[in-house]
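Data first, discussion second: the structure below is written as structure tokens.
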Amino acid sequence: MSATPQTPAPYGARRLTPSDIRARKGGTPVVCLTAYTTPMARLVDREADLILVGDSVGMVLHGMPSTLGVTMEMMILHGQAVARGVERAALVVDMPFGSYEETPAQAFRNAARLMAETGAQAVKLEGGLHMAETVAFLTARGIPVMGHVGLTPQSVNALGGYRVQGRGGDAARVRADAAALAEAGAFAVVLEKVPGTLADAITAEIAVPTIGIGASAGCDGQVLVIDDMLGLFGDFRPKFVRRYAELGESAAEAIAQYAADVQSRRFPAPEHVFASEAPGTGGLTGRSTAPGKAGS
Ligand code: KIV
């Protein structure tokens, strides 16, 4: 039976936890991917240690120009969908822009709601030194937090674009950000779009796993946006993404083939058409056309 949002794994079932991820520091790299839907979560759960319902959902699935318009309601809806598909991996949900920056109390209220309504075991929030007090506040109150430093897409306007962070003299700032989050109690820290040498230095310096995206193979784990690595997000080909499949191209070919088949009446073929008498019953039956129901 699939899990409900509030009880993502049967009581006592072995499910990876934020503490398990924390304990992977310096060990076998943590496999992390995003997911936003139940079917994709089921596929990712077979291989990943940690599944992130990223606020990238706004851009990837909803066509938004940035993550700034993502709401709590969107994160809850996608968090619930993903929770239904996850049995083994640790599940983390992103806190959307504007839901945690004001005060630690605001962050607690929204993080608690995200966890209660989705069944996620932790939240992720963006920002370094200035978010350390909030991370300490949340972790002291039972909310595991994954940090996110370097390129923090929710600050795209302040950062002046999606560029590499921590080059040259700016490296000290990113180092201090990662160290502050680790000391505040984050169980892992995402390093996004920072130089490889800086990611390696931070990985050596902080006591919790670093999860790289556009960082270094030396990080304690890696994360990618699932639609990027499967070739589902258009022609977006940033340097840090390896495309493991071209599902967008396959889908486009399949849709073109379908259109040609419909126009030439090659679809439906005889095997897709129902007989007037159901086999063996001698009469009509009302069969479902729902997915997975073959009918006869
Ligand atoms: O929103 C997201 O998907 C993320 C990952 C890229 C780390 O924050």
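No value in this document is a laboratory result; all are computed from the given coordinates. This is a predicted model, so every value here is computed, not measured. When we count neighbours, we look across all protein chains shown, and the Cβ atoms used for this are built from the backbone with ideal geometry, even at glycine.
Side notes on the structure shown:
- For the peptides 80-88, 165-173, 67-75, residues were scored by their other Cβ atoms within 10 Å and the scores averaged per peptide; the highest-first order is 80-88, 67-75, 165-173.
- The chain: antiparallel DSSP beta bridges as a percent of all, rounded to 5: 5 percent
- Lysine pair count for the chain (Cα-Cα distance under 30 Å; residues 8 or more apart in sequence or on different chains): 6.
- Cα lying deepest toward the dipole's positive end in the range 18-246, options Leu33, Ala182, Cys219, charges on Cβ: Cys219
- In the chain, the calculated helix contribution to ellipticity at 222 nm averages -10000 deg cm²/dmol per residue, counting -39,500 (n - 2.57) for every DSSP H run with n ≥ 4.
- Using Cβ point charges alone (K and R +1, D and E -1), the dipole size of the chain about the Cα centre works out to roughly 360 debye.
- Shape of the chain from the C-alpha gyration tensor: prolate (a/c of 1.5 or more and a/b above b/c, with a ≥ b ≥ c the square roots of its eigenvalues).
- Here the range 134-217 is described by how far its Cα atoms reach on the three principal axes: 36, 29, 20 Å, from widest to narrowest.
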